[in-house]
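Notes for the one structure printed next.
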Amino acid sequence: MNRAAILWRVASILVAAGLIAAWQLAANLRLVSPVFLPGPDRAWAALMRGFSNGDLAGKLIGTLEHMAYGWLAASIAGIALGALIGSSKMMRAYVAPSLEFLRPLPVSAIIPVAIAMLGLTRGMALFVIAFGAIWPIMLATIHGFAAVEPRLYEVARSLQMSRAAIIGKIALPSALPDILAGMRLSLTVALILSVVCEILAGLDGLGQWVLLSARAFRSADLFAGVILLGATGYLTSIAMSLVEQRLLAWQTAAR
Amino acid sequence: MTLDRARPLLLPLALTLAFELWARLTHLQSDSLAPPSAILAALAAALADLSIPIATRDTLFAAFTGLAIGSAIGLSLGIAFGISRPLDRLMEVTVEAIRPIPSIALLPIALIALGFGYRMEIVIVAFACVWPMLILTRSAVRSIEPRLMEMSRALRLSAPQRIAKIVIPAALPRIFVAFRLSAGIALIVAVTVEIAINPIGLGAGIMLAQQALRADLMLAYLLWIGVIGYALNILLIAAQRRLFGRAALAGGNP
Amino acid sequence: MSVVAMLDEARAARRQKTLIAFNAATLRLGGKTIIENLDLEVRPGEFLCIVGASGCGKTTALRLAAGLHRPTSGAVTFDGEPITEPRREVAIVFQDYGKALLPWRTAAGNISLALEASRVPARERGARIEALLRKVGLPGHADKYPSEMSGGMQQRLQIARCLAQEPTTLLMDEPFGALDAMTRQGLQDEVLSLTHASQTTVIFVTHDLDEAIYLGDRVVGDLPRPRDQLATREHPEFLRLRRQLFDFIKATEH
């Protein structure tokens, strides 16, 4: 980063700090009841307390586990199905319209069906998370496979490459940018559905933490949990971006 | 060709028929599955006794109100950040810190502040809608032909005039695409809040049906939610085509 | 008989055989007749230039020889056998080099693709890639991505990849059409030297009259070798043939 960029970044941090200070002021002056709005000092204290005395770490791990299992299952299934559908024109013609119909559907509506089938269990949560997370990945994979440069298929035919080689060396790398973008979207979906399922089924996780804090009107704990959820979303997204940059180094080479 | 038109429907129809046959043959008794004929019957009944229409009204009311508030805020901030680079850079850290918070995480806060009901749901929907509108409006404003902005300065337009006469009309097609996206998000978030905790609307309806072990009614709600989501999307695409013509559709995702 | 005389005789005998033959080949695609009753014989080791106005089907004729299409009627044969699908001994160089290279692989990786398809063992690949890069004038560029290379370099990389197939026949589809004049002339000479040494059969499609006469065996025949960009193009025989060919093409244009 050059000097100007660093200065702007510092200024931006100062602005954020200023807003936090304003928040603190509002809390001190009791502009809003402390039952609803704890000051940043109390939220921070609750965060620290949660990790040292309370079970916040365990809850965080719980949510991360739910996200991870669901997202990984969704990635494997989504890429496999997407590759299958996307690489066949016939399949695309028959299946893609139905998928387009299902795209705007609120995926959380599957939760009651899952509860009916699997009860208020961890299995239900993993099913829901995987089901929700599969859509962005599968749709992105289909799009990536459908958009492979046709000239490359001709090159492959000219070289007499096997079908497996064509999928592995031409179609998959070509679709990779789309697939990775879909996987990043799925992370967000996985996080949201984890929280919802934890709230509904009382599973061990941040969703349960914030719900119990709300019920007991422990607003500082509640805010600590919300901050932690935001941090989780942010950090997983950053991690995914780093992976993308690594795998797609050839794209940055062009710039 | 009629076959081409019918093709998208072949797979769903075949699956539905197969499911119906299987359910009938096995005399299906289940808490989670019901034959399509029973689902449609339950849907018809719930429409007739107005339970679904009322629930739809509630969900859509919360979703649209939240959408209106959230997109208004997102639009204003997006225009402001798009026009003023310094402002955008100053607010960068704040925006990047708040954006990743999943809207659902605010549910308990809204719950203790506002209790159950419309207001809590509207607040959460609004929060969710701010971000796509903000990000996409900002990039729409930034990608306005620089020539137009230079011209507005040459004409010595005031800031409000510039925004009203140049910025908004030029960015409008992409802003509408952002709005379409946010509308989809609004519906999804509204239904999710209702499923999680709020006892109103379609989300509550489907949860109650499940708790009453009425698989047919539950799946009827599921089908109806899908129909509403689809219809909303189709309406907005039609509106977009009407207002901006086919050229604008090239920019956004269908 | 001396060795040289025997070799000359063998070479002359080879010249009489036909490598690739079009026999009343016709191709219809999507309701349009693109090629009708094409009769053409290509001899081994020959550098044949096919030249003509745009859209007269010359690219399609090439693709038939490449095995990318099958004739609707008539036959296209390689060494007497009908061409049903692409074969490794026939390599095709496309005009849109950007689309024919893998953007996610380096130059070495792109050449390696052909070696992998030919099942060359991994330990041999490195040396072969280096040799090929040197042959096409790209030594030391092994780790560059296509997007980091100029148009001329990318086309040379594609040629290198085709040469990695160790083809007996090279099909080139207006390979230098998208390049500037200086680069084009350099590459013309490079292709001549590459293919003359290995006696590769070349079918070269172009709309550029000068290029066709400069490069081709068949189109010209009597111009002195080695070619020289300035001297040859000013040769009176060159100009006479050029005029003749020009009139011929003009007459066949519809």
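The numbers here are math on the coordinates, done by the rules we state, and not lab data. Given the structure is predicted, the values throughout are model-derived calculations rather than measurements. All Cβ positions, even for glycine, are placed from backbone atoms using ideal geometry, and neighbour counts span all protein chains on display.
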Completion exercise
Distance in nm between B:Lys165 and C:Asp208 label points, each 7 Å along Cα→Cβ, equals 5.2
Exercise for the section: Partner chain Cβ atoms within 10 Å, averaged over the residues of B:187-195 - can you pull that number for me? Expected result: 5
Exercise for the section: Compute the whole-percent fraction of alpha carbon pairs in the stretch C:94-166 spaced more than 16 Å apart. Expected result: 38
Problem - Most mobile listed residue (A:Phe127, A:Phe51, A:Phe223) in chain A, GNM with C-alpha springs under 10 Å - result: A:Phe51
Handout entry: Gain on full stretching of the segment that runs from A:Trp23 to A:Arg9 - 0.36 nm per residue minus C-alpha separation
Key = 2.9 nm
Handout entry: chain B - charge dipole about Cα centre, Lys and Arg +1 at Cβ, Asp and Glu -1, debye rounded to 20
Key = 1280
Exercise for the section: Take the alpha-carbon centre of the stretch A:124-181, take the same for the stretch B:1-58, and report the distance between them in whole Å. Expected result: 32
Exercise for the section: For the stretch C:92-129 and the stretch C:150-178, write down the distance between their C-alpha centroids in whole Å. Expected result: 11
Problem - Separation between Cα centres of the stretch A:187-255 and the stretch B:165-224, rounded to whole Å - result: 21
Fill in the blank from the handout: Rounded to one decimal in nm, the spacing of the 7 Å Cα→Cβ label points at A:Ser162 and A:Ala68 is 3.5
Exercise for the section: Taking the Cα centre of the stretch C:150-203 as origin, work out the dipole magnitude from +1 charges on Lys and Arg Cβ and -1 charges on Asp and Glu Cβ, in debye rounded to 20. Expected result: 100
Fill in the blank from the handout: Cβ density ranking, 10 Å radius, fewest first, applied to C:Leu101, A:Leu56 yields A:Leu56, C:Leu101
Completion exercise
So the angle from the long Cα axis of helix B:2-25 to the longest Cα principal axis of chain B, reported in degrees to the nearest 10, equals 40
Fill in the blank from the handout: From fewest to most C-beta neighbours within 10 Å, the residues A:Lys169, C:Lys99 line up as C:Lys99, A:Lys169
Handout entry: Label point distance in nm, B:Arg7-B:Ile237, each placed 7 Å from Cα along Cα→Cβ
Key = 1.6
Practice task
With all distinct Cα pairs included, what does the Kirkwood hydrodynamic radius of the stretch A:38-254 come out to in Å, to one decimal, could you say?
Solution key: 19.2
Exercise for the section: Report the convex hull volume per residue for the protein assembly as shown, counting only C-alpha atoms, in Å³. Expected result: 245
Handout entry: Highest average packing first - B:90-97, C:240-247, Cβ atoms within 10 Å
Key = B:90-97, C:240-247
Handout entry: Under 27 Å from C:Lys58, Cα to Cα: lysines that are on another chain or at least 8 residues apart
Key = C:Lys17, C:Lys32, C:Lys99, C:Lys250
Completion exercise
Of A:Ala239, A:Ala68, A:Ala57, the most mobile residue in a GNM of chain A (C-alpha springs, cutoff 10 Å) is A:Ala239
Problem - Considering only the protein assembly as shown, percent of DSSP beta bridges that pair antiparallel, nearest 5 - result: 50
Practice task
Set the Förster radius R0 to 35 Å, insert the Cβ-Cβ distance between B:Phe116 and B:Ser139 as r into 1/(1 + (r/R0)^6), and round the FRET efficiency to 0.05.
Solution key: 0.40
